[in-house]
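Each remark here refers to the structure printed beneath this line.
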Amino acid sequence: MILEAAMLIPAIVLLLVGMTQIAKVTYLYYTLRKAVYSVATYLSNQQGVNFCDPNDPAIATAIVFGLTGGSDPAQPVFVNGLTEAMIQVTAEHADPTTGALSDYSALCVGSPAYVGSAPDYIVVSIPNGFQIQLRIPFLPIDPILLKPQVKVPYAGT
């Protein structure tokens, strides 16, 4: 019985540690997706956002809101290591005849008439990913990149 316990205890501990690490990744992905969704929904209800300018104050405020839950950038972020520079906000425009989606920034450059007009969708993502390292004893595992992305319809004007 002692020999069997000596053989099975390391395997059971390894399984328990692995399960907790998978739970950690799942929780972190959910938290990142929630932060990205908060940015997207905040922006989708704002009026007068200039999506042709990535430095628009409304976009910066939305990103801070998604990271901290408020408008004060001095507040602590929900996810340690997640910064404003990691979050990307883009807008998409639907072609009225075909319904195909295209990047809204192409319309900004092509026609000044689109500056200040409303896009159809807001896409918020972490394009380069948020890196997480799993820690499972005796198993070297490469870091995992979590890349949540959310697309919401734009309701502002």
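The values are calculated or read from the model by the stated rules, or taken from the named source; none is laboratory data. Just so you know, these numbers come straight off a predicted model, no measurement behind them. Glycine gets a Cβ as well: all are built from the backbone with ideal geometry, and neighbour counts include every protein chain shown.
If the requirement is being part of a helix (DSSP H, G or I) and at pLDDT below 90, which of these qualifies: ALA62, ALA74, ALA106?
Step by step, each of ALA62, ALA74, ALA106 is checked, and only ALA106 is part of a helix (DSSP H, G or I) and at pLDDT below 90.
May I ask you to say which residue of GLN75, GLN88 is polar (S, T, N, Q) and in contact (Cβ under 8 Å) with a residue 24 or more places away in the chain? Steps first, please.
Numbers: GLN75 fails: in contact (Cβ under 8 Å) with a residue 24 or more places away in the chain.
Unique residue meeting the criteria: GLN88.
Out of curiosity, is GLU4 in contact with a Lys or Arg (Cβ under 9 Å, 6 or more places away or on another chain) and farther than 26 Å from PRO143 by Cβ? Considered against the rule, which asks whether it is in contact with a Lys or Arg (Cβ under 9 Å, 6 or more places away or on another chain) and farther than 26 Å from PRO143 by Cβ, GLU4 comes out as no. Pairing each residue of the range 15-28 that is of a type in the set (Asp, Glu) with any residue that is surrounded by 12 or more Cβ atoms within 10 Å (Cβ to Cβ), provided the two are 6+ apart or on different chains, yields no C-beta distance under 7 Å. Filtering the range 85-100 to residues that are loosely packed, with under 15 Cβ neighbours inside 10 Å and under 21 Å from the mean Cα position of the chain (by Cα) leaves only ALA85. The sole residue among LEU32, LEU67 that is without any contact (Cβ under 8 Å) to a residue 60 or more places away in the chain and crowded, with 16+ Cβ neighbours inside 10 Å is LEU67. Being surrounded by 12 or more Cβ atoms within 10 Å (Cβ to Cβ), modelled with pLDDT of 90 or more and not small (Gly, Ala, Ser) is true of VAL79. The set of residues in the range 1-59 being of a type in the set (Gly, Ala, Ser), over 14 Å from the mean Cα position of the chain (by Cα), within 21 Å of LEU107 (Cα to Cα) and part of a helix (DSSP H, G or I) consists of SER44, ALA58.
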